[in-house]
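The values are calculated or read from the model by the stated rules, or taken from the named source; none is laboratory data. Since the structure is predicted, the reported quantities are computational estimates derived from the model, not experimental observations. We place every Cβ from the backbone using ideal geometry, glycine too, and count neighbours over all the protein chains shown. Only protein heavy atoms, including side chains, enter the accessible area calculation; ligands, DNA and RNA are left aside. Shrake-Rupley method; radii C 1.70, N 1.55, O 1.52, S 1.80 Å.
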Amino acid sequence: PPRSTLFPYTTLFRSPEDFVGRNRELKLLYGSFMASSNKRSIVLLEGHSGIGKTSLISHFLKSIERDFPGTVILSGRCRESESVPFKAFDPIIDELVRYLRSLPATAAAALLPRHPDLLRRLFPAFGELSIMPASPERSLANLDEQEIRRRAFDALSELFARLTDRHPVVIAVDDLQWVGDLDSIAFLAKLAVPE
């Protein structure tokens with residue numbers, strides 16, 4: 001069945017306003033958001049197509065944005081017709097890059113991992129950031145693709161860890177059933193269960 005996935009990292013809480021017919025589901029989402037203050041939390045929202053999962057998530061994210069202005073909300077959607085690496089994360093990375101571009105350069109640079117060039121190797125959108133190093137790291141030149149991918153996962157996890165040290169973060173991926181690529185699944189697992 002179609003799914004939407006929510007990955008809250010840290011949280012605070014106030015009562016949600018009414019959302020007709022979905023108060024139970026909203027309470028579950030808010031409950032997960034509250035419980036994730038000291039740990040990462042994953043919520044899978046599933047059901048038949050057309051029952052309002054996307055509207056529910058949209059309402060929840062707008063409520064979080066309104067009630068907790070410091071929360072970083074990164075949302076995206078998997079599309080059946082797309083065939084790209086890291087399909088689940090491609091739109092999330094675009095949102096993350098937009099967020100980093102909105103920050104002062106020093107604040108954005110403080111969030112980058114020790115080896116930021118790995119981010120650009122995995123997700124070219126990071127190349128749009130002026131704070132990225134201009135030339136590739138020489139230490140990466142002799143690595144095979146599998147090792148680069150592993151280290152890039154670590155670098156992106158490090159960036160998310162630094163971000164969640166400073167702000168509550170929610171990542172929402174709609175229509176996860178269209179992911180299909182093992183890279184996305186592997187990275188979702190890494191984010192959910194950090195080493």
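Scanning the stretch 144-175 for residues that are among the polar types (S, T, N, Q) and farther than 16 Å from Tyr99 by Cα, we see that the one that is most open to solvent (accessible area, probe 1.4 Å) is Gln146.
Quick check: anything in the stretch 118-139 outside any helix (DSSP H, G or I), modelled with pLDDT of 75 or more and exposed (fewer than 15 other Cβ atoms within 10 Å of the Cβ)? Yes, the stretch 118-139 has at least one match. Quick check on Leu96: is it modelled with pLDDT of 90 or more, assigned to a helix (DSSP H, G or I) and crowded, with 18+ Cβ neighbours inside 10 Å? So Leu96 passes the test. How many of the residues in the stretch 108-117 are part of a helix (DSSP H, G or I) and over 16 Å from the mean Cα position of the chain (by Cα)? Residues flagged as part of a helix (DSSP H, G or I) and over 16 Å from the mean Cα position of the chain (by Cα) within the stretch 108-117 amount to 4. Which one of Thr71, Thr106, Thr54 is at pLDDT below 85 and among the β-branched types (Val, Ile, Thr)? One residue alone meets the criteria, Thr54. Under the condition of being under 21 Å from Arg98 (Cβ atoms) and touching a helix residue (DSSP H, G or I) at 6+ places or on another chain (Cβ under 8 Å), the residues counted in the stretch 58-79 number 11. One residue stands out among those in the stretch 140-175 that are part of a loop (DSSP other than H, G, I, E, B) and charged (D, E, K, R): the one that is modelled with the highest pLDDT, which is Asp144.
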